[in-house]
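The values are calculated or read from the model by the stated rules, or taken from the named source; none is laboratory data. Quantities reported herein were computed from a predicted structural model and do not represent experimental measurements. Cβ sites come from the backbone with ideal geometry, for glycine too, and all protein chains shown count toward neighbours. For accessibility, only protein heavy atoms count, side chains too; no ligands or nucleic acids. Shrake-Rupley method; radii C 1.70, N 1.55, O 1.52, S 1.80 Å.
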Amino acid sequence: RDLHLSIRRQRQVCIRDSNKWVPHRFTAIYALEGDLLRNMEVFDERNEIRALDLQTVQLNESFCQVVLRDGKLITTDSAADARLEGSPYQGVVHSYVGVPVAIPGGGLYGTLCHYDVVERHIADKEFEFFRQSALILAHYV
C-alpha cells in the first residue's frame, strides 16, 4: 500500500511539473484498457479538475487513438484537424499534444497529454521535454 501511494505521488509530481513547461491548462495520463482509455492522473492549472469530464474515453472516439497510431499528436485547432474527424471531442478540446507511454521492458501503458479548450501552441523545446517526461513517467505507472 505504501509503495502504491508513493508511486501515485511520483506520477502526480511528474504530471504537475510537466504542465509548468507548457501553456496548456490540463496535463493527464491515460491508461489503455481494451477499447477504453481511463484517466489515471490529471492536473488542472486552475484546480477545477471536473471542468471537462474525460475520466473514461472510448479509444475510437479519442485523440489518443492518433497518438497510438502515429506516435504523437500535436494540434492547435482540433476543429480543423482532419485526423480527428468523428471524435465527439473535436472542437471541444481545442488544443492537444500527446505521446505514448511505454512500459519499461516492453508494452504500451497509454498516453500522456496536454490539452486545453482554447488554442495553445507548443515549442519544439517544450515538446521534447514533454516527450522525455513520458519516458520518465513510464517508471511510475
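Filtered by the rule that a residue be out of contact with any Lys or Arg (no Cβ under 9 Å at 6 or more places or on another chain) and closer than 21 Å to Asp124 by Cα, segment 6-25 gives Cys14, Ile15, Arg16, Asp17, Ser18, Lys20. Annotation note: Cβ proximity below 7 Å between a residue of segment 119-141 that is in contact (Cβ under 8 Å) with a residue 40 or more places away in the chain and a residue that is open to solvent by less than 70 Å² (accessible area, probe 1.4 Å) and among the small types (Gly, Ala, Ser) (sequence gap 6+ or interchain) occurs for Glu119/Ser95; Arg120/Ser95; Phe130/Ser18; Ser133/Ser18.
Quick one: is Tyr89 surrounded by 13 or more Cβ atoms within 10 Å (Cβ to Cβ), of a type outside the set (S, T, N, Q), out of contact with any Phe, Trp or Tyr (no Cβ under 6 Å at 6 or more places or on another chain) and within 17 Å of Phe26 (Cβ to Cβ)? Explain how you work it out, then say what you get.
Values: surrounded by 13 or more Cβ atoms within 10 Å (Cβ to Cβ): yes; of a type outside the set (S, T, N, Q): yes; out of contact with any Phe, Trp or Tyr (no Cβ under 6 Å at 6 or more places or on another chain): yes; within 17 Å of Phe26 (Cβ to Cβ): yes.
The answer is yes for Tyr89.
One residue stands out among those in segment 14-38 that are of a type in the set (Gly, Ala, Ser) and modelled with pLDDT of 90 or more: the one that is farthest from the chain's Cα centre (by Cα), which is Gly34.
Within segment 16-45, the set of residues being closer than 18 Å to Pro100 by Cα, without any contact (Cβ under 8 Å) to a residue 24 or more places away in the chain and surrounded by 15 or more Cβ atoms within 10 Å (Cβ to Cβ) comprises just one member, Asn39. Can you name every residue in segment 94-127 that is of a type in the set (D, E, K, R) and surrounded by fewer than 12 Cβ atoms within 10 Å (Cβ to Cβ)? Within segment 94-127, Asp124, Lys125 meet the criteria.
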